[in-house]
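This report refers to the structure that appears directly beneath it.
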C-alpha cells in the first residue's frame, strides 16, 4: 500500500460521498460522522465496523458517542491515506 498523493485523493474521493479529508499530525485522513437514534445503535454500528476492520486487517479510529460514530481511516505505516481507506469507506457505507 503506497500513500496516496493529493491528486489521487481528489480523484478517488467522489467514490465515497459524505466522507471528507482531514489533516491531523501532517497526515491526510478519511473521515465521516454517522448519526443514530441512540447509543445502542451507535455501538452496534461500531462493532460491525470492527468486524470489517479485523477481516481486512486495516483498522480505523472509531469514536462512539451517544447517537454518533466518527470513523477515520489512514495508514499509520504509510503516514497518510492509502487506496484501502477508500475501499474500507465503501464497505462501511454498505453497512
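Our estimate of slack between residue 52 and residue 76, defined as 0.36 nm per intervening residue step minus the Cα-Cα distance, is 6.8 nm. Shape verdict for region 56-95, please, from the Cα gyration tensor: rounded (a/c under 1.5), prolate (a/b greater than b/c) or oblate. Judged from the Cα gyration tensor, region 56-95 comes out oblate (a/c at least 1.5, b/c at or above a/b).
Using every pair of separate Cα atoms, the Kirkwood estimate puts the hydrodynamic radius of the chain at 13.4 angstrom.
Peptides 68-81, 14-27 ordered by packing proxy, namely the average of other Cβ atoms within 10 Å per residue, highest first: 68-81, 14-27. Protection proxy ranking, highest mean first, for peptides 52-58, 87-93: 87-93, 52-58, where packing is the per-residue count of other beta-carbon atoms within 10 Å, averaged.
Can you give the FRET efficiency to the nearest 0.05 for residue 40 and residue 8, using r as the Cβ-Cβ distance and R₀ = 30 Å?
It comes out at approximately 0.20.
Report summary: the helix-based calculation at 222 nm, which adds -39500 (n - 2.57) for every DSSP H run with n ≥ 4 and divides by the residues of the chain, gives -12000 deg cm²/dmol.
None of the figures in this text is laboratory data; all of them are computed from the coordinates on show. Please read these numbers as outputs of a predicted model, since none were measured by experiment. Backbone-built Cβ (ideal geometry, glycine too); neighbour counts: all protein chains shown.
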